[in-house]
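Take a look at the structure below.
The values are calculated or read from the model by the stated rules, or taken from the named source; none is laboratory data. Note that the structure is predicted; figures quoted are calculated from it, not measured. Every residue, glycine as well, gets a Cβ built from its backbone with ideal geometry; the counts of neighbours run over all protein chains shown.
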Amino acid sequence: MTNRDYYEILGVDQSVDDPGLKSAYRKMALKYHPDRNPGNQEAEEKFKEAAEAYGVLSDPQKRATYDRFGHQGLQGNAGMGFDPSAFTDFSDILGDFFGFSDLFGGSRQRGRRQRGEDVRYDLTIEFEDAIKGASIDVQVPRLDHCGRCQGSGAEPKDGMTVCSICGGRGEVMFQQAFLSIRRTCHQCGGRGKIIRRPCVECKGEGYTRSQRKLRITIPPGVDNGTRLRINGEGQPGPPGTPPGDLYVVLKVKEHAIFKRHELNLHCLIPVNVAQAALGAEVDLLTFEGLQRIKIPEGAQSGQQILLRGLGVPNLNGGGKGNLVIHLEVRIPEKLSREQRKLFEQLRELLPAENEPDEKGLLDRFKEFFL
């Protein structure tokens, strides 16, 4: 194709290493690729020229021959005239840039094992189960390989026939510019065969629907939106491939007493005026059992009492949060005759802190008007 120096074509010197060589070729290929220069014959020639140069210099044996004997040493060798079908590294360089997953027949995707689809299952749990953990049995709808056709969708004996489009290869080849590109056959989906007689049991689907009973282990400390992954319990893949996974997404019910904020639990304890003034002890049933709460003398509404280590366990390990108790002093709306008499006596004994200071009020009045 060309007698120009291969190193000169790629803009590198003779000591260039493999990463530098690949980087130089990538820049040339991106610049002159036919898809980026439609109808530009000069760009196409430069692209072929760079491809030929890289095809020789990326091969240690050809590069050694070229360094010693030049173009003459490659006469009659596969290095003269670039053969894309024999160049396995070419798709690694350009496949991701131009979307050619099967470039030159060297598909990296084809070597990967397929698997079944993942499945999502929404599960509502009790607040206590989220705090302490639990094991819950659920019925999960899923697909299973048909027992008659083993997932092929065709009658076992003579239900399949060779695909007429790809001739059983599972892929078709076509030309784009000077490139030979392989694509998965659209008719058979890469199987190389098509169904001639559908399976009488699954009607050609290859799967049957069922309900599977699973025991889900809920670890302590989960919250709304926590996803639990159950390996291998998703939908089955094509015959001979592993199934997908099941993702259980949790929704936690609200609790009548406790509220959660991150790893801390909060609750409200109402106390009457006597308990707030004199102090008291009350019992509170927590997720760690019955706890005796000491109300201090002179407690005020909104005052908090902290119980360390009685909150939510850390899902990733590392201790627990705290239990925060909020006090609410409640004033009775209706009083019995005896209660009213006692409050009246108390009113006479307690200082009236809400009455204005007459001297202070007069002084402020003078400051404002004088």
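Looking only at region 1-46, count every residue that is within 25 Å of residue 70 (Cβ to Cβ), under 40 Å from the mean Cα position of the chain (by Cα) and free of Cβ contacts under 8 Å to residues at least 40 places away in the same chain and tell me the total. Residues meeting the conditions: 9.
Evaluated against (1) touching a strand residue (DSSP E or B) at 6+ places or on another chain (Cβ under 6 Å); (2) in a loop (DSSP other than H, G, I, E, B); (3) free of Cβ contacts under 8 Å to residues at least 24 places away in the same chain, residue 334 falls short on exactly one condition, (1).
Could you tell me which of the residues 191, 229, 215 is part of a strand (DSSP E or B) and either in contact (Cβ under 8 Å) with a residue 24 or more places away in the chain or crowded, with 17+ Cβ neighbours inside 10 Å (or both)? Spell out the reasoning first.
On the way: 191 fails: part of a strand (DSSP E or B); 229 fails: either in contact (Cβ under 8 Å) with a residue 24 or more places away in the chain or crowded, with 17+ Cβ neighbours inside 10 Å (or both).
Going through 191, 229, 215 in turn, just one is part of a strand (DSSP E or B) and either in contact (Cβ under 8 Å) with a residue 24 or more places away in the chain or crowded, with 17+ Cβ neighbours inside 10 Å (or both): 215.
Selection of strands (runs of 3 or more DSSP E) fully inside region 133-177 by the criterion of at least 2 residues being under 36 Å from the mean Cα position of the chain (by Cα), in contact (Cβ under 8 Å) with a residue 12 or more places away in the chain and outside the structural domain of residue 317 (by TED's automatic domain parsing) returns 134-145, 171-176.
Among the candidates 287, 258, the residue that is out of contact with any strand residue (DSSP E or B) (no Cβ under 7 Å at 6 or more places or on another chain) and either of a type in the set (Phe, Trp, Tyr) or loosely packed, with under 12 Cβ neighbours inside 10 Å (or both) is uniquely 287. Counted as qualifying within region 37-112 are the helices (runs of 4 or more DSSP H) with 1 or more residues that are outside the structural domain of residue 26 (by TED's automatic domain parsing) and modelled with pLDDT under 50, namely 90-98. In region 232-255, what count of residues is obtained for those that are crowded, with 16+ Cβ neighbours inside 10 Å and within 26 Å of residue 146 (Cα to Cα)? Summing the residues that are crowded, with 16+ Cβ neighbours inside 10 Å and within 26 Å of residue 146 (Cα to Cα) in region 232-255 gives 12.
Would you pick out the residues in region 307-356 that are within 13 Å of residue 263 (Cβ to Cβ) and surrounded by fewer than 12 Cβ atoms within 10 Å (Cβ to Cβ)? Quick ask: steps written out before the conclusion?
The initial filter retains those residues of region 307-356 that are within 13 Å of residue 263 (Cβ to Cβ), namely 308-324.
Selection gives 308, 309, 316, 317, 318, 319.
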